[in-house]
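Okay, structure first, notes after.
The values are calculated or read from the model by the stated rules, or taken from the named source; none is laboratory data. Because the structure is predicted, anything quoted here is derived from the model rather than measured. Positions of Cβ are backbone-derived with ideal geometry, glycine not excepted, and every protein chain shown enters the neighbour counts.
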Amino acid sequence: MTDQSDFNSLYSKGMQSVTDRLTESTLDRMRSSAIGGGSISLGVILLLLQTKLDSTALVVALYMAVFAIPVWIVAWQYVESYMFCGKDSYGHFNSPKGSLVAVSFALLGMLLLLVSIVSLIWHMSVIAALAFLAASLLMAFLVYKHHNAVRIYADKVGRGAV
């Protein structure tokens, strides 16, 4: 039980700078991203309805998109709860039951959608699919590094260390 309390405490402390920046506008963008991910997944399914699933790549694309939709809906509804309850609920977002679960569903939705799109491209060209996957992972890494650098800088400015 102590290990769980320690984890929750460490997690909440680590998330505090994120929670301090949480606004309704931020939550709205998170919600829009989840709805967008679900919409793109539905678009993949609608596209595949017009074809014969005559390759493994198309079957993989279909199933990844099918699983992505409910995952994106959960991510959307998770954020929606904080929007509905307002600032008084932001402390809960600071906990693993809040942001960790929400982020996990968003990341799972992104992964499923990425695999679905890579599979669509794979159906046409394996090399193009690998190039798209490599470029996507590289861009995600660059955005992640940039976001962390900006957040660390902002935290230093907030503490008067810059």
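Could you go through the stretch 149-159 and let me know if any residue there is within 20 Å of residue 67 (Cβ to Cβ) and either loosely packed, with under 15 Cβ neighbours inside 10 Å or not assigned by TED's automatic domain parsing to the domain that holds residue 11 (or both).
Within the stretch 149-159, none of the residues are within 20 Å of residue 67 (Cβ to Cβ) and either loosely packed, with under 15 Cβ neighbours inside 10 Å or not assigned by TED's automatic domain parsing to the domain that holds residue 11 (or both).
With the condition being free of Cβ contacts under 8 Å to residues at least 24 places away in the same chain, over 24 Å from residue 9 (Cα atoms) and small (Gly, Ala, Ser), I'd like the helices (runs of 4 or more DSSP H) fully within the stretch 75-162 carrying at least 3 qualifying residues.
The helices (runs of 4 or more DSSP H) meeting that bar are 126-159.
Within the stretch 1-20, restricting attention to residues that are surrounded by fewer than 16 Cβ atoms within 10 Å (Cβ to Cβ), of a type outside the set (Gly, Ala, Ser) and in contact (Cβ under 8 Å) with a residue 12 or more places away in the chain, which residue is nearest to residue 72 (Cα to Cα)?
Residues of the stretch 1-20 that are surrounded by fewer than 16 Cβ atoms within 10 Å (Cβ to Cβ), as a first pass: 1-10, 13-14, 16-18, 20.
Right, trim to of a type outside the set (Gly, Ala, Ser) and you get 1-4, 6-8, 10, 13, 16, 18, 20.
Of the ones still in play, those that are also in contact (Cβ under 8 Å) with a residue 12 or more places away in the chain are 7-8, 16, 18.
Values: 7: 27, 8: 25, 16: 25, 18: 22 Å.
Ranking the qualifying residues of the stretch 1-20, first place goes to 18.
Does residue 72 satisfy the condition of being surrounded by 17 or more Cβ atoms within 10 Å (Cβ to Cβ) and more than 14 Å from the chain's Cα centre (by Cα)? Even if it seems obvious, please write down each step before you answer.
Values: surrounded by 17 or more Cβ atoms within 10 Å (Cβ to Cβ): yes; more than 14 Å from the chain's Cα centre (by Cα): no.
No: the conditions fail for residue 72.
Is at least one residue of the stretch 81-98 within 18 Å of the chain's Cα centre (by Cα) and at pLDDT 95 or above? Outline the logic, then answer.
Residues of the stretch 81-98 within 18 Å of the chain's Cα centre (by Cα): 81-83, 93-98.
Next cut, at pLDDT 95 or above only: none.
Scanning the stretch 81-98 turns up no residue that is within 18 Å of the chain's Cα centre (by Cα) and at pLDDT 95 or above.
Here are the criteria: (1) aliphatic (A, V, I, L, M); (2) over 30 Å from residue 11 (Cβ atoms); (3) not assigned by TED's automatic domain parsing to the domain that holds residue 18. Tell me which single one residue 61 does not satisfy.
Residue 61 satisfies every listed condition except (3).
Name the single residue, out of those in the stretch 12-49 being assigned to a helix (DSSP H, G or I) and among the basic types (Lys, Arg), that is nearest to residue 83 (Cα to Cα).
Within the stretch 12-49, the match that is nearest to residue 83 (Cα to Cα) is 31.
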